[in-house]
Amino acid sequence: MKYAIVTGGARGLGLGIVRALLSDKVVDHVAVIDRALVPPPAEIADRIEGFSGDVTDEAQIHAVAEAITSKFGPHPDVLCNNAGGGESGWFESGRDAEWHSAEIWRRYVELNLNSVYIVSKEIVPRMIAGAAVCNTSSIAGMLATPFLAAYAAAKAGVISYTRTLALQLGPKGIRVNAVAPGLIYTKIWEELGAAIGGGAERARSAFDAAVRTLTPLGREQTPEDIGQTVAFLCSDRAANITGQVMAVDGGIVLGRPQRT
Ligand SMILES: NC(=O)c1ccc[n+]([C@@H]2O[C@H](COP(=O)([O-])OP(=O)(O)OC[C@H]3O[C@@H](n4cnc5c(N)ncnc54)[C@H](O)[C@@H]3O)[C@@H](O)[C@H]2O)c1
């Protein structure tokens, strides 16, 4: 039996990753680590188990890793470090100004970058040849934007760490890649859109404007888009791919906005 560990897999992109790993038969079961677990969708509930844990807390992640490996087996086949993002208060703080408070800067880096190290340090030593890791970065880590400096820096750090880890683990036969999602209307964008647009009722229109102005293909991305890419990168079809960052963004990182 093959199994994956997906952080932040309770909703949003993480749930898209869980669904794709199962439907593409990359693994048979998924252990979700999330600090806000909800019942999984009924049609896949028998193949998912939730473990409550905060990815920024080393002690919690150690305990969860012990629980997962004693239940599903000592050697996880796939690790998806997906939990991340921010909170509405953090987005508000970075909207108009160059300067976050140092405390909010630290929290972004803790959630989006340090967590990837904390979870990898606990899980990867338990993996053996043939296993795969996929980290969720962001186009924010590839392109300069005038706001969300700490988030962007942390996501760029995820790309750097993905490459380092790929080099370190190559000789062990373990692959490490990253996905860089573009614009997906999840809870993060509900809150970010409200901060940019100036109110919850303008969140969706702020998001739609970003899609319109930034995306050459002219349409938003979905959790399914991200899930399918992560499933590919973690599957044997990608057996010779490591250290790569795949943007799933409708062409945003090409850097030439097409529409106004
Ligand atoms: N939505 C987008 O447009 C977008 C774009 C680029 C990158 N991303 C990245 O994709 C990932 C998923 O984002 P999403 O849009 O699905 O957001 P989301 O808020 O819908 O989901 C995030 C999930 O992670 C969990 N989580 C958050 N902090 C956690 C913690 N400390 N410990 C354990 N679990 C935690 C949440 O409970 C939630 O289930 C994030 O890393 C985010 O930065 C999102």
Principal-axis tilt of helix 223-234 within the chain, Cα atoms, nearest 10 degrees | 40
Segment 73-154: chymotrypsin sites (Phe, Trp or Tyr not before Pro) in DSSP loop, at most 13 other beta carbons within 10 Å = W99
Between segment 166-205 and segment 1-72, the Cα center-to-center distance that results, in Å = 18
Run down the lysines and flag those whose C-alpha is under 29 Å from the C-alpha of K71, throwing out any fewer than 8 positions away in its chain.
-> K2, K25, K121, K172
Over the chain, calculate the relative contact order: mean separation of alpha carbon pairs under 8 Å at least 6 apart, over the residue count, as a percent.
-> 21
Enter the angle in degrees (range 0 to 90, nearest 10) between the Cα long axis of helix 149-169 and the first principal axis of the Cα atoms of the chain, meaning the one along which they spread out most.
-> 30
The residues E122, E224, sorted from fewest to most surrounding Cβ atoms within 10 Å, come out as E224, E122
How far is helix 187-197 tilted off the main Cα axis of the chain, in degrees rounded to 10, range 0 to 90?
-> 10
Which of these, R237, R212, R126, has the largest mean-square fluctuation under a Gaussian network model of the chain (Cα springs below 10 Å)?
-> R237
In which sequence would H29, H75 go, from the one with the fewest C-beta neighbours within 10 Å to the one with the most?
-> H75, H29
For M1, M142, M127, ascending order of other Cβ atoms within 10 Å (fewest first) is M1, M142, M127
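All of the numbers you see were taken from the coordinates with simple rules; none came from a lab. From a predicted model like this one, the values you see are computed outputs, not experimental measurements. Note: ideal-geometry Cβ built from the backbone for every residue, glycine included; neighbour counts use all protein chains shown.
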